[in-house]
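Any read-out appearing in this document is the output of simple, stated calculations on the displayed coordinates, not a laboratory observation. On a predicted model such as this, the values are computed, not experimentally measured, just so you know. With ideal geometry, Cβ positions are generated from the backbone for all residues, glycine too; neighbour counts draw on all protein chains shown.
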């Protein structure tokens, strides 16, 4: 999958791992979500690169599913932070 223009395609993070190794589900009702960047569009001028974990406002992202995996398309201007 390849992002185009000023967009980023990212895989939604559905669980995080605690220091003890326990998988903790992410609260999907939270407005700010985490995603791992899969692809960065060719016109994006930003330090964001593939593999980065970003924080984004779920109301400013296009959500879609492919092969039972959740993804988001996000305009670079809507990314809140790189974790």
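Any idea how far apart residue 58 and residue 36 come out in nm if each label point goes 7 Å out from Cα toward Cβ?
2.0 nm
Students often get this wrong, so try it: which of [x] 12.6, 40; [y] 11.8, 33; [z] 17.0, 52 is Rg and Dmax of the Cα atoms in Å as calculated from the structure shown?
Correct label is [x].
Just need the relative contact order of the chain here, percent rounded to a whole number, with Cα pairs under 8 Å and 6+ apart. Each step should come with its number before you reach the end.
On the way: 172 pairs, mean separation 28.5, N = 83.
RCO, the chain: 34 percent.
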